[in-house]
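Below is one structure, written out as structure tokens; the observations come after it.
Any read-out appearing in this document is the output of simple, stated calculations on the displayed coordinates, not a laboratory observation. What you see is a predicted model; the values in this text were computed from it and never measured. Reconstructed Cβ throughout: ideal geometry from the backbone, glycine too, with neighbour counts over all protein chains shown.
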Amino acid sequence: MAKDPLAEAGLHFDELNKLRVLEPDVSQKTIALKEECEDFVDEIGQFQKIVGGLIELVDELAKEAETEKMKAIGARNLLKSVEKQREAQQQQLQALIVEKKMQLERYRIEYEALQKVEAEQSEFIDQFILQK
């Protein structure tokens with residue numbers, strides 16, 4: 001078999017009998033690679049869209065988590081302030097109890113003193129009446 005002089009020069013005919021510089025199998029592989037690249041680029045585009053949607057979703061969830069975190073911190077601070085108010089109120093009430101107990105003791109002593117005065121006066125009146 002004799003070699004084709006055009007093939008030796010690097011020229012080839014395709015299936016439509018057009019003159020080509022590339023060998024037919026190299027040309028087919030190039031076309032197939034081009035199609036695979038286009039498919040790959042399309043898949044990468046879809047992947048980027050999916051990832052973009054996922055990033056947006058994660059950002060929204062992060063914002064919601066931050067909002068809930070701030071609410072929880074606010075509720076905790078409110079609880080602490082209510083607890084401090086209750087402690088202050090309890091201290092005030094305990095001081096008031098001590099004050100009222102002291103006042104009660106003063107009234108008890110005054111009552112006993114008045115009872116003694118009443119008894120003395122009653123005795124004086126009884127003696128005065130008996131002397132007349």
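Only residues of the stretch 61-76 count here: report those whose backbone N is under 20 Å from the spot 7 Å along Cα→Cβ of residue 87, or say none. Only 73-76 pass the distance filter.
Pulled fully out, how much extra length does the chain show between residue 127 and residue 72, if you take 0.36 nm times their separation in residues and subtract their Cα-Cα distance? Can you show the working numbers first?
Values: separation 55, 0.36 × 55 = 19.80 nm, distance 8.10 nm.
Computed gain between residue 127 and residue 72 is 11.7 nm.
The 3J(HN,Hα) values that the Karplus relation (6.51, -1.76, 1.60; θ = phi - 60°) gives for the stretch 74-90 are, in residue order, x, 5, 5, 5, 4, 4, 5, 5, 5, 5, 5, 4, 5, 4, 5, 5, 5 Hz. Gly and Pro appear as x. Taking amide H as placed 1.01 Å from N in the peptide plane, the amide H of residue 20 sits under 5 Å from that of 12, 13, 14, each at least 5 places away or on another chain.
If R₀ is 35 angstrom, what is the calculated FRET efficiency for the pair residue 33 and residue 54, using the beta carbon separation as r and rounding to 0.05? Computed FRET efficiency for residue 33 and residue 54: 0.70.
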